[in-house]
Each structure stands twice: as structure tokens, then as C-alpha cells.
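Below is one structure, written out as C-alpha cells; comments come after it.
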Amino acid sequence: MPAKIIDGSKIAKSILEEIKHKVKNMKQKPGLALVMVGSNPASEVYVNFKEKDSKEAGFYCERYNLKEDISEMDLLKLVTELNQKPEIHGVLVQLPLPKHLDEKLVTNSILPQKDVDGFTPLSLGRLLCEDTIMAPATARAAINLIESTGIKIEGKNAVVVGRSNIVGKPTALMLLEKNATVTVCHSKTKNMAEFTKKADILVVAAGRPNLITKEMVKEGAVVIDVGINRVGGKLVGDVDFEKVKEVAGFITPVPGGVGPMTRAMLMENTLKAMELSKKFSK
Ligand code: NAD
């Protein structure tokens, strides 16, 4: 039987509707600052989506389009100002940044309670200690999509392909926190199929089109494809969707899977950041 398709767009839409409804009745609106440096076309698309989502959700949104050659000092100054603005609850600096800017330094300058991307060492460290304040939106999206199938994560063999600080590692940590037995594969893993073949849950975040073939997937597995790759003008994931869906139990499409869900999770994080701001101002 072919896999059930996990409709990330539909699930994300209902989450956004719920947020919109909550925000409608709020006197103070959640505030999100979107900072973009230069004109990377992919980043532009992502920031446009985030701005659209936040406006539709009824948030207060400030967008900063900064020149490619902005100095690190000026960028840090802006983040510091946003950290201090009471109407801004979440600060997001779109990555990647131009080469002359130190991404870690800039990301780390965002106050933890305003770190809606969950990328600062403090946010990631607290995730590691099972004392999460803000978890990265894509990892949250992957977990939510797995849970949307009704399959219990506890006790399952979960394999995450990719070990980046913003997707692979936080996803692995969240699966571990939910009592899965977790294996992380990466570019230096030998015989990756040996691991993926045993996965009841397979999350793929490598950025390599067609990395996961039908032969690498266990029958009935939940397959979450985080990858976004442009091939011949088309967006594809890391999984050979057409073939893998013949063996998987559940699978996310690209586009329409993790992408829209990540956007919804970011809006949830911003709402959470507003709640946190009350705690931190006491
Ligand atoms: P990254 O480049 O930082 O990390 C990629 C990881 O994949 C690395 O850990 C690397 O070891 C591993 N890898 C690379 N080639 C491999 C191979 N042949 N076999 C096994 N592992 C391999 O990328 P990232 O930021 O983690 O993003 C991963 C993918 O997810 C990209 O395609 C990115 O565009 C996508 N992404 C999607 C969303 C979304 O919302 N859907 C969000 C973030 C990232």
C-alpha cells in the first residue's frame, strides 16, 4: 500500500488559524523583527513568507533590509536596539550572512528570550538539558509532523540524516527527549543504508537531492523530508519521493511538507516569546 502523504500545508494552515484567533483577542500583539542583509534570492523568499505569515497572524512586524556591505558594528547595534524594544518579542536575522559578518557573533547577540529561531548557544544548550525555552522551528516542525501521524515516538528507532546545529542535531535531541532510540548519520557515515533501513522514523536534512532511495527505507516507516533543493527549476527534497512512497507508511512531500510547518512553528515561537517577555520583565 502506498504511503499516506503528510499534508504539512494543511496542518500548518490550521495552526496559523489558531494563532490568528488567539492574537485577535490580544490587546498587545506579538512583535517580530525580520532582519535581512543583502539580496540573497532564497533568503528574500523566506523573509517575504515570514513577513506575510506574521502580518496574516495579526502580529506587529518590522522588516529591515540592510545593505550587503553593512559593518558588523552597525548590524550588532541594530540587534541591540531590537533587543531593547518592548514591542518586539522576537528577533530573527536571516542566514546566511555575507562573508564579512560573523554569523555566530551576530546570532549570539540576540537575547535568548527573543531568539525565535532558537539558534543561540543558550537556546540550544537548554534544549540539550531538557529545559527548553525556544527550540528551532524546523526541528519542531519535524516532530509535529511525525506526531500528526498518530505514531508514538517512544521506543522507536529514529534515524536523522544531517547533523547541523539548526536542523539535524536539535531534531535528534527532541526525538531522544521523546524516548526514541536515535542514530545520527552524516556525510562521513559509512554504509548509511544499514542505519536507515532500521528506522521506524527517518528524518532527512542533508540538502542532497535523491539521497534516500526506496532500498534504504524500512517498510511502513515515517519519512520526514526536510531537504530543499532546486533541480531544473523545481523544488525537491532529499528523498526519492515517488519511489519511497511505495514502501513508507507516511511521507512528507516537498514542497508542502516541512517548509510550511516550519513557518507555522516560527509564528508559535514568536507567540511564546511574547509570553516569555512578561516573565523576563518581572
Ligand atoms: P547543512 O548543510 O548545515 O547540513 C547538512 C548536513 O547533512 C551535514 O551535517 C552533513 O554532514 C549532512 N550530509 C551532507 N551530505 C550528506 C550525505 N551525502 N550523506 C549523509 N549526510 C550528508 O544544512 P541544514 O541547514 O541542516 O539544511 C539541510 C537541508 O534542509 C537543506 O536542504 C536545507 O535547505 C533544508 N532546510 C529546510 C528547512 C525547511 O523549512 N524545510 C529549514 C532549514 C533547512
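The values are calculated or read from the model by the stated rules, or taken from the named source; none is laboratory data. If you're wondering where the values come from, they're calculated on a predicted model, not measured in any experiment. As a convention, Cβ positions derive from the backbone with ideal geometry for all residues, glycine included, and neighbour counts pool all protein chains shown. The accessibility values were calculated without ligands, DNA or RNA, using every heavy atom of the protein model including side chains. Shrake-Rupley method; radii C 1.70, N 1.55, O 1.52, S 1.80 Å.
Structure summary
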item: Residues within the stretch 121-136 that are closer than 23 Å to residue 9 by Cα and either open to solvent by 10 Å² or more (accessible area, probe 1.4 Å) or more than 10 Å from the ligand (Cβ to nearest atom) (or both), tallied; result: 2
item: Selection within the stretch 243-263 - more than 14 Å from the chain's Cα centre (by Cα) and near the ligand (Cβ under 10 Å from one of its atoms); result: 252, 254, 255
item: Inter-residue pairs, beta-carbon under 6 Å, first hydrophobic (A, V, I, L, M, F, W, C) and in the stretch 224-243, second at pLDDT 95 or above and open to solvent by 70 Å² or more (accessible area, probe 1.4 Å), 6+ apart; result: 235/255
item: Test: residue in the stretch 231-242 that is part of a loop (DSSP other than H, G, I, E, B) and near the ligand (Cβ under 10 Å from one of its atoms); result: yes
item: Qualifying residue in the stretch 178-196 (condition: in contact with a helix residue (DSSP H, G or I) (Cβ under 7 Å, 6 or more places away or on another chain), of a type in the set (A, V, I, L, M, F, W, C), more than 15 Å from the ligand (Cβ to nearest atom) and open to solvent by less than 80 Å² (accessible area, probe 1.4 Å)); result: no
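A quick yes/no check of all residues on (1) over 23 Å from residue 127 (Cα atoms); (2) open to solvent by 10 Å² or more (accessible area, probe 1.4 Å); (3) in contact with a helix residue (DSSP H, G or I) (Cβ under 9 Å, 6 or more places away or on another chain):
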{"residue": "155", "(1), (2), (3)": "no, yes, no"}
{"residue": "166", "(1), (2), (3)": "no, yes, yes"}
{"residue": "170", "(1), (2), (3)": "no, no, yes"}
{"residue": "203", "(1), (2), (3)": "no, no, yes"}
{"residue": "216", "(1), (2), (3)": "yes, yes, yes"}
{"residue": "222", "(1), (2), (3)": "yes, no, yes"}
{"residue": "236", "(1), (2), (3)": "yes, yes, no"}
{"residue": "244", "(1), (2), (3)": "yes, no, yes"}
